[in-house]
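Engineer: My questions all concern the structure below.
The values are calculated or read from the model by the stated rules, or taken from the named source; none is laboratory data. Computed from a predicted structure; not experimentally measured. Cβ: placed from backbone, ideal geometry, glycine included. Neighbour counts: every protein chain shown. Quick note on the areas: whole protein, heavy atoms, side chains included, nothing else; ligands and nucleic acids left out. Shrake-Rupley method; radii C 1.70, N 1.55, O 1.52, S 1.80 Å.
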Amino acid sequence: MPTNNPPGALDDTIVALASAPGRGAIALVRVSGPDALSIAARHVSPWSSHPREARLCTIHNAGEALDQALVTVFPGPDSFTGDDVVEISTHGGLLVPASVIAALISSGARQASPGEFTRRAVLNGKLDLLQAEAIGDLIDAQSHTMRRAALGQLDGGLSRRLMALRQDLIELEALIAYDIDFPEEDDGPVPRERIDSAIQSLGSGLERLLATAPIGELIREGAVVVIAGAPNVGKSSLFNALVGRSRAIVTEIPGTTRDAIEAVIGGGTWPLRLVDTAGLRSTSDVVERMGIEVSERYLSQAHVVLACADSDQGLEQTSGLVQRLASAPVLRVRTKADLVSNGNEVSRLPDAIPVSAEDGRGLQELVAAIDETLRKTHGQIIPDAPMLTSARHRYAIEAARSEILQFEHAWREEKLPPTVASVHLRAAVVSLEELIGSIDVEDVFDRVFSSFCVGK
Ligand code: GDP
């Protein structure tokens with residue numbers, strides 16, 4: 001009988017489609033849990049529990065053959081989740097994998113909830129929470145930089161850095177405890193300088209990590225690049241040309257009014273969230289008079305603005321106006337460069353970037369200029385260095401740093417007895433442990449796994 005255990009329970013067997021649903025050569029059905037082998041054995045012929053060996057089998061239910069599929073058994077704990085796992089590679093499409101899943105459910109497996117396989121891997125100690133998050137980020141990665149950052153996190157780069165900081169914190173706690181318990185011992189109390197320098201090095205370790213957050217979050221979310229300019233200067237064409245070049249995923253902004261189109265392109269160093277504000281006029285009077293199409297909403301979020309015009313005069317006007325409205329750096333983009341006859345300069349403005357949506361000229365240079373602008377304003381991405389890539393990471397490190405500052409204050413001012421002050425050190429440790437997931441905090445887990453897809 002199907003069970004009704006809540007997500008997070010480890011004592012039942014879960015099943016889900018691990019590959020994307022729909023037409024495709026192969027679909028992967030994954031079963032994990034204490035009864036995975038016995039449940040699968042009822043539907044697989046010939047059955048063999050020989051580990052990690054793909055075998056061609058018939059999948060059947062109630063005497064009817066459902067498919068021919070490759071079946072691989074991963075006995076726990078040497079599996080992704082740490083439980084017994086069976087992976088069945090069926091033919092793709094909708095009906096075949098759904099029938100196989102239904103058969104497994106009829107024998108006692110439960111449909112997995114989003115991220116439940118990975119959640120089990122964390123609860124079984126196969127991954128920490130940061131590594132689990134990295135899997136989600138790898139799946140969602142929209143740029144090579146994000147893929148690389150996620151892979152580093154999956155490899156444990158950030159976890160190791162945090163574990164080292166946690167260890168330093170615990171050593172500081174021990175020093176304080178020693179100081180309290182044995183002030184008159186032979187060695188005498190712990191020298192103040194030793195504690196001072198431990199506090200300092202912890203504080204700067206956390207600061208260094210926090211300093212990676214703006215870049216990390218930008219890599220994850222993408223830098224907002226707003227295309228602004230008068231109607232008909234070629235904004236939409238430029239948007240399409242840039243998107244087309246990098247085969248981007250075009251997503252409409254959710255909301256009731258379609259006020260902008262957004263696409264993420266990942267061809268450069270940074271993922272860029274390109275925003276085309278076509279067909280939209282700002283409510284600002286000046287903008288209205290000059291007929292410049294910008295969305296103030298996006299302008300305020302922009303990391304870079306592309307001021308576009310198809311003449312130098314238009315470019316001066318547009319960039320001047322946009323510079324007044326936006327705090328982000330503005331790049332001057334001279335559109336329709338292909339229309340300029342041979343031998344003539346496209347633009348007399350030295351900083352204008354000539355582009356053509358028609359023949360593709362200048363597009364690569366434009367992406368390089370955006371990358372360079374972001375590097376100037378946000379700093380260099382240090383490849384493979386651990387970084388904080390989400391608000392969850394940043395909040396936890398900020399909380400730990402604030403606790404250490406409070407401890408430092410109490411320690412220096414000698415306002416609180418060290419036993420009381422060291423409560424702040426404990427709180428900092430807990431903050432790091434929650435971040436790594438070494439302590440099971442239900443709502444933290446729920447938040448992390450809520451964005452996962454089913455079957456992961
Ligand atoms: P928007 O209103 O600023 O979004 O402008 P569009 O992208 O709709 O383009 C306006 C007109 O300019 C259209 O007829 C386009 O075909 C044309 N256009 C846009 N970009 C180029 C270009 O790079 N070269 C040429 N020759 N024409 C362009």
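Engineer: Take Val423 and Ser106, extend 7 Å from each Cα along the Cα→Cβ direction, and tell me the distance between the two endpoints in nm.
Structural biologist: 6.0
Engineer: A further question follows. Express the accessible area of the range 14-125 per residue in Å², computed with a 1.4 Å probe while the remaining protein chains stay in the model. Can you show the working numbers first?
Structural biologist: Working: 4770 Å² over 112 residues.
Averaged over the residues of the range 14-125, the accessible area is 43 Å².
Engineer: Using a Förster radius of 22 Å, what is the FRET efficiency between Ser341 and Gln313 based on their Cβ-Cβ separation? Nearest 0.05, please. Walk me through the numbers on the way to the answer.
Structural biologist: On the way: r = 18 Å, r/R0 = 0.83.
It comes to 0.75.
Engineer: Return the carbon/sulfur percentage of the accessible area of the range 32-181, one whole number, probe 1.4 Å, all protein chains in place.
Structural biologist: Numbers: 3470 of 6380 Å².
Carbon-and-sulfur percentage of accessible area, whole number: 54.
Engineer: At 7 Å along Cα-to-Cβ for each site, give me the label-to-label distance between Glu207 and Asn240 in nm.
Structural biologist: Here the answer is 5.2 nm between the modelled labels.
Engineer: Give me the distance in nm between label points sitting 7 Å out from Cα along the Cα-to-Cβ direction at Thr377 and Met163, one decimal.
Structural biologist: Between Thr377 and Met163, the simple spin-label model gives 3.8 nm.
Engineer: May I ask for the Rg/Rh ratio of the range 328-435, computed from Cα atoms with Rh as the Kirkwood radius, given to two decimals? It would help to have the intermediate numbers written out before the result.
Structural biologist: On the way: Rg = 25.9 Å, Rh = 18.7 Å.
That ratio is 1.38, to two decimals.
Engineer: Can you tell me the order of 262-274, 390-402 when each peptide is scored by its average per-residue count of other Cβ atoms within 10 angstrom, highest first?
Structural biologist: Working: 262-274: 22.5, 390-402: 18.9.
Result, highest mean first: 262-274, 390-402.
Engineer: Beyond 18 Å, how much of the Cα-Cα pair distribution for the range 14-125 remains, as a whole percent? Could the numbers behind the result be given before it?
Structural biologist: On the way: 2686 of 6216 pairs.
Roughly 43 percent, rounded to a whole number.
Engineer: How much net charge surrounds Thr13 when only the other residues with a Cβ under 15 Å from the Cβ of Thr13 are counted, with Lys and Arg +1 and Asp and Glu -1? Walk me through the intermediate numbers first.
Structural biologist: Details: positive: Arg30, Arg42, Arg110, Arg119, Arg120; negative: Asp11, Asp12, Asp35, Asp83, Asp84, Glu87, Glu116.
It works out to a net charge of -2.
Engineer: Going by accessible area, probe 1.4 Å, with all protein chains left in place, what is the ranking of Tyr178, Tyr298, largest first?
Structural biologist: From most accessible down to least: Tyr178, Tyr298.
Engineer: Between Asp196 and Glu365, what length comes free when the chain is fully extended (0.36 nm per residue of separation minus the Cα-Cα distance, one decimal in nm)? Spell out each step's value before the answer.
Structural biologist: On the way: separation 169, 0.36 × 169 = 60.84 nm, distance 5.05 nm.
This chain segment gains 55.8 nm when fully extended.
Engineer: Same structure, new question: Among Ile101, Ala62, Leu123, whose Cα projects farthest towards the positive end of the dipole of the range 1-124, with charges put on the beta-carbon of Lys, Arg (+1) and Asp, Glu (-1)?
Structural biologist: After comparing all options, I get Ile101.
Engineer: Moving on to the next point. For Ser438 and Asn61, what does the FRET efficiency come to when R0 = 41 Å and r is the distance between their Cβ atoms, rounded to the nearest 0.05?
Structural biologist: Working: r = 42 Å, r/R0 = 1.02.
The calculated FRET efficiency here is 0.50.
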